[in-house]
Amino acid sequence: MRSRIKILVWSSFALLMLSLALSPDDLVIHWLGKTPAPAPQVKTIEEGLLFQAAFVKKLEPIAGKRIGYKVGLTSKPVQQKFGVSHPLRGVLLKRMLLESGASVAAKFGAVPIVEADLLVRVKDSGVNQATSPAEVIKHLDAIIPFIELPDLVLQKGQPLNGATITAINVGARLGVVGKPIAVEPTARFAEGLAEMRVLVSVDGKQVMKVPGKAILGNPLNAVVWLAQDLAKHGQQLQAGDIISLGSFGKPFHPQAGSSFAVKYEFAGKSGNVMVSFR
């Protein structure tokens, strides 16, 4: 009898915990209110992707339709920190992207951070079969300077791992876009991205210099990984898709009254992007 009572008690407790679990609707409320949320109850990256899909669907009326993807955790040290052996992917929505020079509230999210990043734009679907940077570059038409403004959104002390980071759409929130740089579809141009210099400045003072190879040895390897991961899930990249390739160096915390700028130098070309915080 006692064992039956114990089972009933634990079953009731489990049902209560399940009913209290964060839903995609709940996460949207926290996202809109810019308030830290408890972690979604996901145990695997596959569960995280299912939660992410529902969350993004709820965000679309607010942030616009999908325009591409973001690839996160693109360095080995960061992957080790969060207990994964590969990058993670999220979705970019149309109204997430702002023009270079934008003024953004320092508290633009629940847990806001700032990162030097880079975008590429897909020219044609041949990119889905590319297996190297030299092949990827033939199917892109632009390299675009980019400062990402992610929102980690979860309450302090909540688990940040491959599953939960995936569930929160890899933190996609906002980003600032510079002027597109035309692609030269050559192996030399692709190799130049690995040797790229990424110069990060805060309030006009350079604080960090990062090589392009900080992202998976060459930033275009993020495209290879993304195409392969999408293929495993019956999806593929399309012409016009924008892809955020990952962060260069450490993230920063935005401060009201400060500015954040990134300059890119590669293959005889250069580009700039800047954001200020209020």
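Here's the yes/no breakdown for (1) closer than 22 Å to residue 58 by Cβ; (2) surrounded by 14 or more Cβ atoms within 10 Å (Cβ to Cβ); (3) without any contact (Cβ under 8 Å) to a residue 24 or more places away in the chain:
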| position | (1), (2), (3) |
| --- | --- |
| 158 | yes, yes, no |
| 163 | yes, yes, no |
| 166 | yes, yes, no |
| 173 | yes, yes, no |
| 176 | no, yes, no |
| 179 | no, no, no |
| 183 | no, yes, no |
| 188 | no, no, no |
| 195 | no, no, no |
*of a type in the set (S, T, N, Q), in contact (Cβ under 8 Å) with a residue 60 or more places away in the chain and either at positive phi or in contact with a Ser or Thr (Cβ under 8 Å, 6 or more places away or on another chain) (or both), is that true of residue 247?*
yes
*Name the helices (runs of 4 or more DSSP H) wholly inside the range 42-144 in which the number of residues that are in contact with a helix residue (DSSP H, G or I) (Cβ under 7 Å, 6 or more places away or on another chain) and at pLDDT 95 or above is 3 or more.*
45-63, 133-136
*Go through (1) of a type outside the set (Ser, Thr, Tyr); (2) crowded, with 23+ Cβ neighbours inside 10 Å; (3) more than 25 Å from residue 202 (Cβ to Cβ) and name the single condition residue 117 misses.*
(3)
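Please tell me if residue 200 is within 18 Å of the chain's Cα centre (by Cα), surrounded by 15 or more Cβ atoms within 10 Å (Cβ to Cβ) and not in a helix (DSSP H, G or I). If you could, list the steps in order and put the result at the bottom.
On the way: within 18 Å of the chain's Cα centre (by Cα): no; surrounded by 15 or more Cβ atoms within 10 Å (Cβ to Cβ): yes; not in a helix (DSSP H, G or I): yes.
So residue 200 does not fit the description; no.
The values are calculated or read from the model by the stated rules, or taken from the named source; none is laboratory data. Given the structure is predicted, the values throughout are model-derived calculations rather than measurements. Here the Cβ is made from the backbone with ideal geometry for all residues, glycine too, and neighbour counts use every protein chain on show.
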